[in-house]
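I have placed the structure first, in the form of structure tokens, so that the comments after it can refer back to it.
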Amino acid sequence: WRTSPVNINSRYDLIVIGGGAGGISATAAAAGLGAKTLLVESAGRLGGECSWTGCIPSKALLHTATTAHQLRSLGAAAEADRISRAALADTRELTSRIARDSDGQGFLQSLGAEVVYARPELTGAGRVEIDGVTVRARRVILATGSSPRVPAISGLASAGCLTNRELFDLEAPPKSLMVLGGGPVGVEMAQAFRRLGTAVTLLTDLESILPKDDIELSALLADQLTSEGVELEYGVRADRAERNGHSIRLLFSQGGQRRELEAERLLVAVGRQANVDAIGLENVGVAVDPGGIAVTPALRTRQPWLFAVGDVLGHDQFSHAAEYEARVAVQNAFFPLRTRADYRWMPWCTFSDPELAHLGPTEAELQKKGVRYRAYRWRFSQDDRARTDLRASGLVKLLGTPRGRLLGAHILGHRAGDLMNQVILGQKKGASLFDLALTVNIYPTLGLAIQRAADHWVGDYTATPWRSWLIRLFTRRAGEA
């Protein structure tokens with residue numbers, strides 16, 4: 001994929017550094033506007049972490065693991081074992097095929113953008129050095145992404161721990177696996193490998209998994225993991241890791257007691273760190289916060305010509321967030337009217353089985369702020385389609401004001417991420433709980449669960465004494481007519 005050397009005389013309207021979700025989106029947006037745009041990626045391929053070692057391979061592995069899990073439940077253990085043994089090789093092949101079919105480079109070049117694979121460095125205002133050649137641009141967008149964070153635990157590196165970058169290179173599922181971290185990556189991979197036949201222990205330093213999500217729903221998901229045989233260990237403080245033959249031993253403290261566990265492999269999934277090294281930020285006077293690059297709401301750094309988007313900002317590290325930020329940054333780079341990035345309703349989803357989707361504040365967050373609200377639930381065990389599909393775990397929870405304003409939504413269930421898109425669009429258009437209740441959903445589909453949850457608000461609203469009196473009055477008069 002190597003491109004021709006950069007022309008020293010080249011001047012661009014925009015240089016984008018980083019070819020992940022944010023960088024590709026920024027390049028496409030700018031080139032689509034007719035701006036002369038250059039994308040520089042230090043790796044030999046586009047797509048970034050999500051395409052190669054994150055979103056795509058993890059979802060492929062989860063799908064294969066679920067297939068194996070279902071086959072075992074039907075008594076086809078031999079076929080399930082065959083699928084499990086080939087799962088990681090199949091994941092790598094599918095990941096490569098998806099990247100090849102998407103042809104990000106060809107798409108960007110069709111828009112008129114140039115793509116270069118080289119290591120860039122900021123050297124001055126609007127100047128980027130690429131393979132010893134300095135090129136200039138009116139604006140530069142940093143989209144360098146993030147890397148898995150490895151905590152400072154004694155012996156961890158020498159013991160040979162895995163992160164998401166190495167995990168999918170395994171030839172076969174290990175016999176046993178410790179997962180350090182109870183966030184989305186840890187939860188998804190713990191369930192996937194357990195379903196592939198691995199003995200899995202998930203360890204977290206907190207008292208719950210997925211602490212940013214709804215407490216009730218994350219607890220139900222924890223019960224699901226436990227029912228499948230995942231061992232959950234809470235309140236763990238890891239002290240030391242060491243190699244013990246073909247295994248890794250982890251020594252930790254828990255509840256005032258010293259403990260140790262041993263497994264064939266150890267996956268570290270405790271978060272991400274922004275990729276800010278070796279890109280020349282010090283050359284242009286841009287400081288880095290503990291989390292990542294500091295920007296204004298317009299996604300501009302302290303230098304007016306330099307913007308940043310995506311994981312390098314250190315928060316809301318999702319591909320869809322990076323794409324959104326890329327559009328905001330490009331608009332602010334080329335147009336005088338400033339657009340502010342708004343994260344108040346940034347959605348996300350953990351793609352376990354069942355999935356856990358999140359939109360807006362949780363009940364705990366509303367309670368902390370003293371916001372008056374009510375929660376309206378509909379369990380999938382009450383939903384006809386969920387029951388016919390044998391996917392009746394979980395529930396829809398809508399949070400709203402007494403007058404029906406939507407405050408948040410949280411869904412634990414099959415395809416919860418897809419279901420949440422209906423609520424996301426409704427929130428974007430200012431829909432109330434009354435609007436969601438009046439939405440006509442096709443029967444029988446899972447989307448009816450959202451409508452049914454909103455119906456509870458309608459029931460509460462009409463059950464107040466004076467509204468009940470009005471209904472009785474109008475009903476009586478209608479009968480007399």
Among the residues of the range 341-362, is there at least one that is at pLDDT 95 or above and among the basic types (K, R)?
no
Scanning the range 140-163 residue by residue, those in a helix (DSSP H, G or I) and either within 21 Å of the chain's Cα centre (by Cα) or touching a residue at least 12 places away in the same chain (Cβ under 8 Å) (or both) turn out to be L156, S158, A159
How many residues, within the range 65-105, are among the small types (G, A, S) and outside any helix (DSSP H, G or I)?
2
Hey, among V270, V286, V276, which residue is assigned to a loop (DSSP other than H, G, I, E, B), over 30 Å from L38 (Cα atoms) and either out of contact with any Pro (no Cβ under 7 Å at 6 or more places or on another chain) or not acidic (D, E) (or both)?
V270
Which condition from (1) under 20 Å from A326 (Cα atoms); (2) touching a strand residue (DSSP E or B) at 6+ places or on another chain (Cβ under 6 Å) is the one that C50 breaks?
(2)
Checking N164 against (1) in contact with a strand residue (DSSP E or B) (Cβ under 9 Å, 6 or more places away or on another chain); (2) open to solvent by 30 Å² or more (accessible area, probe 1.4 Å), which test does it fail?
(2)
Take the residues in the range 232-267 that are closer than 23 Å to V187 by Cβ and of a type in the set (G, A, S), then tell me which one is modelled with the lowest pLDDT.
G255
Which is in contact with a Gly (Cβ under 6 Å, 6 or more places away or on another chain) and either within 20 Å of D316 (Cβ to Cβ) or assigned to a loop (DSSP other than H, G, I, E, B) (or both), of L407, L390, L337?
L407
Condition (residue is over 29 Å from C55 (Cα atoms) and not polar (S, T, N, Q)) applied to the range 390-400: is it met by at least one residue?
yes
Within the range 108-129, the count of residues that are more than 28 Å from the chain's Cα centre (by Cα), under 19 Å from A308 (Cα atoms) and part of a strand (DSSP E or B) comes to 7
Checked against (1) within 30 Å of F307 (Cβ to Cβ); (2) modelled with pLDDT under 95, S158 satisfies every condition except (1)
Residue by residue through the range 130-139, note down the ones that are farther than 17 Å from L14 by Cβ and in contact (Cβ under 8 Å) with a residue 12 or more places away in the chain.
D131, V133
From the list T201, T226, which one is open to solvent by 30 Å² or more (accessible area, probe 1.4 Å), among the polar types (S, T, N, Q) and touching a strand residue (DSSP E or B) at 6+ places or on another chain (Cβ under 9 Å)?
T226
Checking the condition more than 29 Å from A241 (Cβ to Cβ) and of a type outside the set (A, V, I, L, M, F, W, C), which residue from T95, T134, T91 passes?
T134
Within the range 290-310, how many residues are under 22 Å from the mean Cα position of the chain (by Cα), in a loop (DSSP other than H, G, I, E, B) and surrounded by 13 or more Cβ atoms within 10 Å (Cβ to Cβ)?
7
I'd like the full set of residues that are under 30 Å from E282 (Cα atoms), open to solvent by 20 Å² or more (accessible area, probe 1.4 Å) and touching a strand residue (DSSP E or B) at 6+ places or on another chain (Cβ under 7 Å), limited to the range 106-122.
E114, E121
Name the residues in the range 333-391 that are open to solvent by less than 50 Å² (accessible area, probe 1.4 Å), hydrophobic (A, V, I, L, M, F, W, C) and under 30 Å from A35 (Cα atoms), would you?
A333, F334, A341, M346
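For (1) among the hydroxyl-bearing types (S, T, Y); (2) closer than 29 Å to G394 by Cα, each residue gets a yes or a no:
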{"residue": "F334", "(1), (2)": "no, no"}
{"residue": "T350", "(1), (2)": "yes, yes"}
{"residue": "E363", "(1), (2)": "no, yes"}
{"residue": "K368", "(1), (2)": "no, yes"}
Name the single residue that is farthest from T67 (Cα to Cα) among those in the range 78-102 being of a type in the set (A, V, I, L, M, F, W, C) and open to solvent by 50 Å² or more (accessible area, probe 1.4 Å).
I98
Since G417 meets every condition but one in (1) part of a helix (DSSP H, G or I); (2) in contact with a helix residue (DSSP H, G or I) (Cβ under 6 Å, 6 or more places away or on another chain), which condition does it not meet?
(2)
Here are L232, L206, L220: which of them is among the hydrophobic types (A, V, I, L, M, F, W, C), open to solvent by 20 Å² or more (accessible area, probe 1.4 Å) and in a loop (DSSP other than H, G, I, E, B)?
L206
Just to check your reading of the model, which residue among D418, D316 is within 24 Å of G271 (Cβ to Cβ), without any contact (Cβ under 8 Å) to a residue 60 or more places away in the chain, surrounded by fewer than 21 Cβ atoms within 10 Å (Cβ to Cβ) and not hydrophobic (A, V, I, L, M, F, W, C)?
D316
I'm told T37 meets every condition in (1) more than 25 Å from A137 (Cβ to Cβ); (2) hydroxyl-bearing (S, T, Y); (3) surrounded by 24 or more Cβ atoms within 10 Å (Cβ to Cβ) except one. Can you identify the failing condition by its number?
(1)
In the range 363-387, how many residues are part of a strand (DSSP E or B) and of a type outside the set (G, A, S)?
5
Would it be correct to say that F252 is part of a strand (DSSP E or B), open to solvent by less than 70 Å² (accessible area, probe 1.4 Å) and out of contact with any Ser or Thr (no Cβ under 9 Å at 6 or more places or on another chain)?
yes
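The values are calculated or read from the model by the stated rules, or taken from the named source; none is laboratory data. Quantities reported herein were computed from a predicted structural model and do not represent experimental measurements. Cβ atoms come from the backbone with ideal geometry, glycine included; neighbour counts cover every protein chain shown. Please note that ligands, DNA and RNA were not included when accessible areas were found on the heavy atoms of the full protein model with its side chains. Shrake-Rupley method; radii C 1.70, N 1.55, O 1.52, S 1.80 Å.
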